[in-house]
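Below is one structure; the comments refer to it alone.
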Amino acid sequence: MLDILFSKYAKLSALLCVRNTYLEELHAGTAPTTKTGDFSDVKVIDGNGKEIPWNEVSRFNDEEMKKLMKQVVDRIYTFNVLMENPEFESSITPWKSSAYKWDDPSMDKYLCSFMESAKIRKAAFADQSN
């Protein structure tokens with residue numbers, strides 16, 4: 001039961017705190033077309049005429065990353081502070097059905113690696129094949 005609650009909370013917070021942020025502006029625009037399927041045939045030409053393979057191009061700069069992360073941190077903080085407020089809870093209800101349709105989350109190996117106990121880590125992945 002708690003897993004279902006955590007899953008719903010994760011999806012809703014991802015939708016409200018990450019998806020609808022400055023990330024949308026970074027994602028907007030024209031995407032390149034690839035004939036190879038892996039974008040190895042796509043190149044970007046910078047202001048100095050240097051050709052950069054698409055797979056090596058930084059999609060956004062440090063300033064944009066800082067702006068995005070600041071907004072995401074602020075949103076997550078605000079979401080967590082307001083989550084127990086009945087008015088806030090009611091106001092986000094329309095978003096729930098959309099968020100809950102997303103794929104169910106799985107335990108993140110990177111974060112779980114912070115745990116010192118291999119036994120706990122093993123238990124966390126006992127029912128996952130990845």
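Worth a mention:
- Förster-model FRET efficiency, 22 Å R0, MET115 and GLN71, C-beta, rounded to 0.05: 0.15
- Here the peptides 65-77, 43-55, 10-22 are ranked by packing, the mean other Cβ count within 10 Å, and the order with the highest first is 10-22, 65-77, 43-55.
- Distance distribution note for the chain: the fraction of Cα pairs above 27 angstrom is 45%.
- In the distance distribution for region 42-91, Cα-Cα pairs more than 17 Å apart total 60 percent.
- Remark: spin-label model distance THR93-ASN20 equals 1.6 nm, labels positioned 7 Å along the Cα→Cβ axis.
- Selected from GLU56, GLU89, GLU25 as most flexible by GNM, with the chain as the system and alpha-carbon contacts under 10 Å: GLU56
- Straightening the chain between MET83 and PHE125 buys 12.3 nm, computed as 0.36 nm per residue apart minus the Cα-Cα spacing.
- Ascending count of other beta-carbon atoms within 10 Å, so fewest first, for SER90, SER7, SER40: SER90, SER40, SER7
- Taking every alpha-carbon pair under 8 Å whose residues sit at least 6 apart, the chain reaches a relative contact order of 30 percent.
- The length gained on full extension between LYS43 and ARG59, counted as 0.36 nm times the residue separation minus their Cα-Cα distance, comes to 4.5 nm.
- Selected from THR78, THR30, THR93 as most flexible by GNM, with the chain as the system and alpha-carbon contacts under 10 Å: THR30
- Once the Cα atoms are used to define both axes, helix 62-82 deviates from the longest principal axis of the chain by about 10 degrees.
FYI, it's all coordinate maths here, none of it is from the lab. Keep in mind the model is a prediction, meaning the values are calculated, not measured. Reconstructed Cβ throughout: ideal geometry from the backbone, glycine too, with neighbour counts over all protein chains shown.
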